[in-house]
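Scroll down for the structure; my scribbles are underneath it.
The values are calculated or read from the model by the stated rules, or taken from the named source; none is laboratory data. On a predicted model such as this, the values are computed, not experimentally measured, just so you know. Every residue, glycine as well, gets a Cβ built from its backbone with ideal geometry; the counts of neighbours run over all protein chains shown. The protein model used for the area step is the full one, side chains on, heavy atoms only, and it has no ligands, DNA or RNA in it. Shrake-Rupley method; radii C 1.70, N 1.55, O 1.52, S 1.80 Å.
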Amino acid sequence: MAGMHALANPARFQRFSARALPWSAGLTAILLLVGLYMAFFVAPPDYQQKETVRIMFVHVPAAWWSMAGYAFLAGLGAALLVWKHPLAALMARAAAPVGAAFAATCLITGSFWGRPMWGTWWVWDARLTSMLVLFFLFLGHIALSRAFDSPERGDKAAAILALVGVINLPIIKFSVDWWNTLHQPASVMKLGGTTIHSSILIPLLVMAVAFFMLFVTLVLMRTETEIGRRRLEMAALAAE
Amino acid sequence: MPALNAENLACRRGGRLVFTGLGFGLEQGEALLLTGRNGSGKSSLLRLLALMTPRLRGSLTWTGIEVAEQPEAWRLALAWLGHADAIKPDLTVRESLAGAQLLRKGRLDSLDHALGRFDLTAIADRPGRYLSAGQRRRAALARVMLSGAPIWLLDEPAAGLDEPSRGALHLTLREHMKSGGLAVISTHGDIHLPSARPIDLGEFAPSADALAEDWS
Amino acid sequence: MSGFFAMGGYAAYVWPAYAAALIALGGVTLMSLFARARVRRELRARGLDRRGAKS
Amino acid sequence: MTRFRHLVARDLLTAWRRPGDVLLVLAFFLLAASLFPLGVGPEPQILQRIGPGVLWVAALFAAMLSLDRLFAEDLVDGSLEHLVLAPLPLELAALAKCLAHWLTGGLPLTLMSPALGLLFGLDGSQIAVLAVSLLLGTPSLSLLGGLGAALTLGARRGGALMSLLVLPLAVPVLIFGVGAVEALAGGAGSSNALVLLAAFFLVALASTPWAIAAALRQAVE
């Protein structure tokens, strides 16, 4: 395996993740508890949106990390295709479903947030619509990586898709915003007024870090599982 | 340094190490006959030489230069015959062969000699879908002959050929060798060439621990 | 406490939203845990788990 | 350059000898578009309102239809190997295939769109802008579609998977395409939407061929 990166060797990665997982899981739990407490008891209700603004503390971090998650997928794709990084494929396989779950969370919480203001369950708001397309890109990545008999083939095909996807994501976002201005000039989910007051900003940041740690923890754990799966496949192949 | 030199080649396909430590040297006018059981990696080696299947390890040089460094020039020097004949059902034999010429050399030479050699003149204007398997294989061989490429990579060229066609194949191969051409041919014992050296891929099969170290 | 749960009358939106987040994120977490356990059990059964495999 | 022209000519010749394929795409476009009035009702003002959007979505699906044959046949009959081994860059060969796909798919759809515009009671200027937007948009669909076809080569359930991969990426084409026609109603003129369509095409032209080539190389591995 030419071009070995420190963590590239699967066994070395597993030793690292075995040590790191308890810490990141613990940190995630603490941050979530603190964040949720602040979200409900520290942050004041918004003068306009009243209590529904509390949905923001889950909706916004989910949006951030699903977009960052897709960029991460593209980075792993480049690592696999350009530097033949052996772990990138497994980490991408591990990360895609987590990204999709974050995007789904963002979509559902977003529709609940918009519900009181528009009386409809789904709002064709620019950000939600872009997130819906991103969700499809995640599904496409997951489906493509599992659509081949050989997992390596699926990993590489999904990596190419992720790279093209990440180039198109900003264009999709722009086109949806452009489309939104055509049909609904009034912009929708203002983040609780123009300047975000610190009493809202701090809980939001805590929740954001909590969600990030959740993403990291899940990816580390799932990558370990993918390594195990690949090892089982290798053993089965070698035994033939 | 032989014209075509391979050292310590290793190849992995479908997650399995197929062969390792494989080397050979071919001078102009020489042919390599790949033998070995099914799955021993004959096709994989041919595809590796054609830069289709990635090379896990090892070096491959043509006229002293590593082929991966100038893939375009290397591809120009190759004629390829895969399992499938690449004969389009909707194009006639003549159109397929002329197209292959254009794609390879960017110009058109006369097809008649090759058509005659493989007894295709009568069906030259018949669409590919009406050809039998043997006829399609002969058309694919005619394409190789027309390529004028110095190196021929042939995957079981004699498979499915009747006696006269096999004779035409051997004649074409001998001519190619005599004119200083090289060939790597995978075969099941149906190719008999004086200047050909057999190589059994079974000898380069990976040992048990070679497999294990891959995914320690 | 009941005032808290009323969420200023918006309970019907805030709590389902958080429930959805819990289901989606909790779901992927649980699935990951189950998958990890299943693969580990299989690796141990085949004597391939980290302690057993030659590293 | 002769190699590029040869590849395009070869596919056009094949399409010429199998007219059924092109007709199937056009028939699907007509069928998909005519279902909407049956579903929505024949009121002219509704049809005129949803016409551009319906025609664009129908064209999008019709363009997807003919994609599975783009590389799949070459893989099966072995000519994909020769394409990969051809002395011209694989990115150029991929472009040739996408161009041939557009000439036998996107272009006929564009030429047919005025007729369907009448079905929806669109007026002259709407039909004209619709045709121009399709002319500018369908090439991008052939590029993105070519990528979808190459990525799903050898995959199980290739067809449906290809649409799942391509359609999200084609959202901007759909939005700008329909937006161009609808901009007419607002009197703002459809030029900026058409410019955006052309810009998207340039981005697709720059970013897709390398991906198609990489996917094809994997398919012959």
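Tell me, which residue of region D:152-179 that is of a type in the set (A, V, I, L, M) and more than 8 Å from every other protein chain (Cβ to nearest Cβ) is surrounded by the most Cβ atoms within 10 Å (Cβ to Cβ)? In this case the residue turns out to be D:173.
Restricting region B:189-216 to residues that are outside any loop (DSSP other than H, G, I, E, B) and open to solvent by 70 Å² or more (accessible area, probe 1.4 Å) leaves a set whose member that is modelled with the lowest pLDDT is B:213. Quick one: residue B:139 ticks every box in (1) open to solvent by 50 Å² or more (accessible area, probe 1.4 Å); (2) under 19 Å from the mean Cα position of the chain (by Cα); (3) without any contact (Cβ under 8 Å) to a residue 60 or more places away in the chain except a single one, so which number is it? Checking residue B:139 against (1) open to solvent by 50 Å² or more (accessible area, probe 1.4 Å); (2) under 19 Å from the mean Cα position of the chain (by Cα); (3) without any contact (Cβ under 8 Å) to a residue 60 or more places away in the chain, the one that fails is (1). Inspect region A:33-46 for any residue being under 27 Å from residue A:162 (Cα atoms), open to solvent by less than 10 Å² (accessible area, probe 1.4 Å) and touching a helix residue (DSSP H, G or I) at 6+ places or on another chain (Cβ under 7 Å) and give the result as yes or no. No, region A:33-46 has no match at all.
Across region B:30-64, the number of residues qualifying as open to solvent by 20 Å² or more (accessible area, probe 1.4 Å) and among the β-branched types (Val, Ile, Thr) comes to 2.
Residues that are open to solvent by 20 Å² or more (accessible area, probe 1.4 Å) and more than 14 Å from residue B:76 (Cα to Cα) within region D:84-109 comprise D:91, D:92, D:95, D:99, D:102, D:103, D:104, D:107, D:108, listed in sequence order. Among the residues of region A:57-89, the ones that are open to solvent by less than 10 Å² (accessible area, probe 1.4 Å), under 9 Å from the mean Cα position of the chain (by Cα) and hydrophobic (A, V, I, L, M, F, W, C) come to 1 in all.
Total residues in region A:28-56 satisfying the condition of being farther than 14 Å from residue A:116 by Cα and without any contact (Cβ under 8 Å) to a residue 24 or more places away in the chain: the figure is 7. Filtered by the rule that a residue be touching a residue at least 12 places away in the same chain (Cβ under 8 Å) and in contact with a Gly (Cβ under 6 Å, 6 or more places away or on another chain), region A:140-151 gives a lone residue, A:145. Hey, does region A:9-29 have a residue that's assigned to a loop (DSSP other than H, G, I, E, B), at pLDDT below 90 and either open to solvent by 80 Å² or more (accessible area, probe 1.4 Å) or farther than 18 Å from residue C:32 by Cβ (or both)? Yes - at least one qualifying residue is present in region A:9-29.
Considering region A:185-240 alone, what residues qualify as being open to solvent by 60 Å² or more (accessible area, probe 1.4 Å), modelled with pLDDT under 75 and within 13 Å of chain C (Cβ to nearest Cβ)? Passing the criteria: only A:239. The single condition from (1) in contact (Cβ under 8 Å) with a residue 40 or more places away in the chain; (2) of a type outside the set (D, E, K, R); (3) out of contact with any strand residue (DSSP E or B) (no Cβ under 9 Å at 6 or more places or on another chain) that residue B:204 fails is (3). Residues that are under 17 Å from residue D:135 (Cβ atoms) and within 11 Å of chain A (Cβ to nearest Cβ) within region D:181-201 comprise D:183, D:192, D:193, D:196, D:197, D:199, D:200, listed in sequence order. Of the candidates B:132, B:165, B:186, the single residue that is within 30 Å of residue B:19 (Cα to Cα), open to solvent by less than 70 Å² (accessible area, probe 1.4 Å) and of a type outside the set (Asp, Glu) is B:186.
Applying the condition of being more than 10 Å from chain D (Cβ to nearest Cβ) and assigned to a helix (DSSP H, G or I) to region B:72-110 and asking which residue is nearest to residue B:44 (Cα to Cα) yields B:97.
Yes or no, residue by residue, for (1) open to solvent by 10 Å² or more (accessible area, probe 1.4 Å); (2) at pLDDT 95 or above; (3) closer than 20 Å to residue A:79 by Cβ:
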| position | (1), (2), (3) |
| --- | --- |
| A:127 | yes, no, no |
| A:139 | yes, yes, no |
| A:142 | yes, yes, yes |
| A:159 | no, yes, yes |
| A:178 | yes, no, no |
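Only helices (runs of 4 or more DSSP H) whose full extent lies in chain C are considered here, and the ones with at least 3 residues that are open to solvent by less than 40 Å² (accessible area, probe 1.4 Å) and modelled with pLDDT of 75 or more are C:11-21, C:27-45. For residue B:120, the conditions (1) farther than 24 Å from residue B:47 by Cβ; (2) open to solvent by 20 Å² or more (accessible area, probe 1.4 Å); (3) part of a loop (DSSP other than H, G, I, E, B) are fulfilled apart from (2). Do we have any residue at all in region B:9-25 that's at pLDDT below 90, under 17 Å from residue B:184 (Cα atoms), in contact with a Gly (Cβ under 8 Å, 6 or more places away or on another chain) and open to solvent by 10 Å² or more (accessible area, probe 1.4 Å)? Looking for residues that are at pLDDT below 90, under 17 Å from residue B:184 (Cα atoms), in contact with a Gly (Cβ under 8 Å, 6 or more places away or on another chain) and open to solvent by 10 Å² or more (accessible area, probe 1.4 Å), one finds none in region B:9-25, hence no. All told, residue B:62 falls short of being out of contact with any His (no Cβ under 7 Å at 6 or more places or on another chain), without any contact (Cβ under 8 Å) to a residue 24 or more places away in the chain and of a type in the set (Phe, Trp, Tyr). Residue-level check: of (1) touching a Lys or Arg at 6+ places or on another chain (Cβ under 7 Å); (2) at negative phi, residue B:36 misses just (2). Residue B:155 passes every criterion in (1) within 23 Å of residue B:26 (Cα to Cα); (2) open to solvent by 60 Å² or more (accessible area, probe 1.4 Å); (3) in contact (Cβ under 8 Å) with a residue 12 or more places away in the chain apart from (2).
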